[in-house]
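The values are calculated or read from the model by the stated rules, or taken from the named source; none is laboratory data. Remember, predicted model here, so these are calculated numbers, not experimental data. Here the Cβ positions follow ideal geometry from the backbone for every residue, glycine too, while neighbour counts run over all protein chains shown. SASA here: full protein model, heavy atoms, side chains in, ligands and nucleic acids out. Shrake-Rupley method; radii C 1.70, N 1.55, O 1.52, S 1.80 Å.
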Amino acid sequence: MKISVIGTGYVGLVTGTCLSNLGNDVICVDIDKEKIEKLKKGIPTIYEPGLKELLVKNINNNRLTFSDSLQYGIEKSDIIFIAVGTPESESGEADMKAVWDVAKNIGKYINGYKIIINKSTVPVGSGDEVRKIINKNMNAKKHKFDVVSNPEFLREGSAISDFLSPDRIVIGSDNHNPAKIITRLYEPLNAPIITTDIKSAELIKYASNAFLATKISFVNEIANLCEVAGANVEDVATGMGLDKRIGEKFLNAGIGYGGSCFPKDTIALVSTGKKFGYNLKIVQSAIEVNKIQRKLFFEKISKFFKSRLENKKFGIWGTSFKPNTDDMRESPSVDIIKLFLKENAQINIYDPVAIAETKKIFKNKINYFSNAYDAIVDCDALVIITEWDEFKQVNFSKVKNLLSAPIIFDGRNMYDLNYMKELGFKYISVGRNQVL
Ligand SMILES: NC(=O)c1ccc[n+]([C@@H]2O[C@H](COP(=O)([O-])OP(=O)(O)OC[C@H]3O[C@@H](n4cnc5c(N)ncnc54)[C@H](O)[C@@H]3O)[C@@H](O)[C@H]2O)c1
């Protein structure tokens, strides 16, 4: 099938690359010319395990091409994926400007029957709006088209494998024929496919993200209670998670969620509720708990040093919002580093892949290191924000020697309490007893 994917960010680039790898002809389109030039040369514009190999392979097979012309992408394809960003707007609603802009262009350049697929995360009712905009912008010669909702559930850091082995594929369509064609497109993945009307599909995406965000905030509240009550959140979470109705995933207590999806999607869902006159109280609480969680972690550090952080030096490990990505959007590290800087503390950071993104935010206000150990030399404490694999089994005697005092604040509960005690660290984590 001839496919174009408009918007080549995390979702669009992964979608386009994987669909071309299944044998489809794919044109990836973006308004960012610089991005397109890099991609044409096989240079990935995001960090995602396995992406580079697939990108280069499919470019060489001539199945994957790139263009900065929406007109070209629209005219040359039968199926058009819209995968542009839908960031949070000032009011909290999803900013749909890019989606509407693509819809306008589709109306302008449509030259035959097309299936338009909304892969971006869009509020309920957006499919209807895309249809209206396309119709409004079409010239006198009317072409037929269908709009389908096909939300994406991939996770950054494992985007390729998530796309190729999804838990489910959701196809929302108000007509049978386009749903059948898109079902066929995904058949090689052998994944469960659920077909719904467009509005339900749109809502499945928001409801799923809001549920997962709520699960994280829930366990974080339990962690906060564990701290004051003297319980251990890991044991509590294990005990809860073994109940099949609850499940063990997303029960890791820590400093909360970040990234390009959960924060904006929870806020957008609450806004959608308001638009329809319904108050989503549980999701609103999950948002609030998440905001507080990073602050509480910082306050623990501040309290430990009796609120005297000025000129103290902290080595931070991990700044991306989660491991295996360089994405810094809404990362807890950003708020935490800002709080440190407000107290005039000195900050050294190390992250395996997100240094360049971190530099864009903090410029010369903090110090950057390309090695985890170099980042903690003479620091008053090590602060762990992102649970990268390479931090799991570090050389603790080296860490102890390099720090000016053996103190670790761990926002992701990476280490065993008894082991830390044995090694002689002061170790403060989340929802567990402090080792002092
Ligand atoms: N990142 C994720 O993990 C993830 C997962 C599931 C769903 N989503 C959703 O998928 C959508 C895309 O997210 P993303 O993270 O890939 O975004 P992104 O910001 O990484 O990429 C969006 C791309 O769209 C391009 N773009 C913007 N306006 C355009 C226009 N008018 N025409 C052509 N290109 C345009 C931008 O230049 C950019 O390259 C969002 O709705 C997001 O919520 C994201």
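In the stretch 166-189, how many are in contact with a helix residue (DSSP H, G or I) (Cβ under 7 Å, 6 or more places away or on another chain) and away from the ligand (no atom under 15 Å from the Cβ)?
4
Of all residues in the stretch 78-93 being open to solvent by 20 Å² or more (accessible area, probe 1.4 Å) and at pLDDT 95 or above, which is farthest from the chain's Cα centre (by Cα)?
In this case the residue turns out to be 78.
What are the pairs with Cβ atoms under 9 angstrom where one residue, in the stretch 341-357, is surrounded by fewer than 16 Cβ atoms within 10 Å (Cβ to Cβ) and the other, located anywhere, is in a strand (DSSP E or B)? Sequence gap at least six, or different chains.
341/347
Here is a list: 298, 314. Which entry is part of a helix (DSSP H, G or I), surrounded by 22 or more Cβ atoms within 10 Å (Cβ to Cβ) and away from the ligand (no atom under 16 Å from the Cβ)?
Matching residue, one of 298, 314: 298.
Filter the stretch 23-35 down to residues that are under 13 Å from residue 55 (Cβ atoms) and more than 9 Å from the ligand (Cβ to nearest atom) and give me whichever is surrounded by the fewest Cβ atoms within 10 Å (Cβ to Cβ).
For the stretch 23-35, the residue satisfying everything is 26.
Looking for something in a helix (DSSP H, G or I), in contact (Cβ under 8 Å) with a residue 12 or more places away in the chain and of a type in the set (D, E, K, R) - is there at least one such residue anywhere in the stretch 279-286?
no
In the stretch 319-375, which residue that is of a type in the set (Val, Ile, Thr) and assigned to a loop (DSSP other than H, G, I, E, B) is farthest from residue 256 (Cα to Cα)? First the steps, then the outcome.
Within the stretch 319-375, the subset of a type in the set (Val, Ile, Thr) is 319, 325, 334, 336-337, 347, 349, 353, 355, 358, 361, 366.
Add one more test, that the residue is assigned to a loop (DSSP other than H, G, I, E, B), and what stays is 319, 325, 353, 366.
Working: 319: 13, 325: 16, 353: 20, 366: 23 Å.
If we take residues in the stretch 319-375 being of a type in the set (Val, Ile, Thr) and assigned to a loop (DSSP other than H, G, I, E, B), then 366 is farthest from residue 256 (Cα to Cα).
Scan the stretch 1-12 and report the pairs whose first residue is closer than 20 Å to residue 327 by Cα and whose second residue is of a type in the set (Gly, Ala, Ser) and more than 10 Å from the ligand (Cβ to nearest atom), with Cβ atoms within less than 9 Å and a gap of 6+ or a chain change.
8/16
What residue, of 139, 105, 150, is surrounded by fewer than 16 Cβ atoms within 10 Å (Cβ to Cβ) and either free of Cβ contacts under 8 Å to residues at least 40 places away in the same chain or not charged (D, E, K, R) (or both)?
That would be 139, the only listed residue that is surrounded by fewer than 16 Cβ atoms within 10 Å (Cβ to Cβ) and either free of Cβ contacts under 8 Å to residues at least 40 places away in the same chain or not charged (D, E, K, R) (or both).
Filter the stretch 376-394 for residues that are within 25 Å of residue 49 (Cβ to Cβ), open to solvent by 10 Å² or more (accessible area, probe 1.4 Å) and part of a loop (DSSP other than H, G, I, E, B) and give the result.
From the stretch 376-394, those within 25 Å of residue 49 (Cβ to Cβ) are 384-394; that's our starting set.
Applying the additional criterion that residues be open to solvent by 10 Å² or more (accessible area, probe 1.4 Å) yields 387-390, 392-394.
387, 388, 392, 393, 394, listed by residue number.
Here is a list: 91, 69, 77, 20. Which entry is over 22 Å from residue 185 (Cβ atoms), more than 13 Å from the ligand (Cβ to nearest atom) and hydroxyl-bearing (Ser, Thr, Tyr)?
When all the criteria are applied, what remains is 91.
Can you run down the residue pairs with Cβ atoms below 8 Å, 6 or more apart or on separate chains, where the first is in the stretch 401-425 and closer than 21 Å to residue 318 by Cβ and in the same structural domain as residue 336 (by TED's automatic domain parsing) and the partner is open to solvent by 40 Å² or more (accessible area, probe 1.4 Å) and of a type in the set (A, V, I, L, M)?
Listed by first residue and then by second, the contacts come to 402/377; 406/423.
Here are the criteria: (1) within 16 Å of the ligand (Cβ to nearest atom); (2) open to solvent by less than 60 Å² (accessible area, probe 1.4 Å). Tell me which single one residue 42 does not satisfy.
In the conditions (1) within 16 Å of the ligand (Cβ to nearest atom); (2) open to solvent by less than 60 Å² (accessible area, probe 1.4 Å), residue 42 misses (1) alone.
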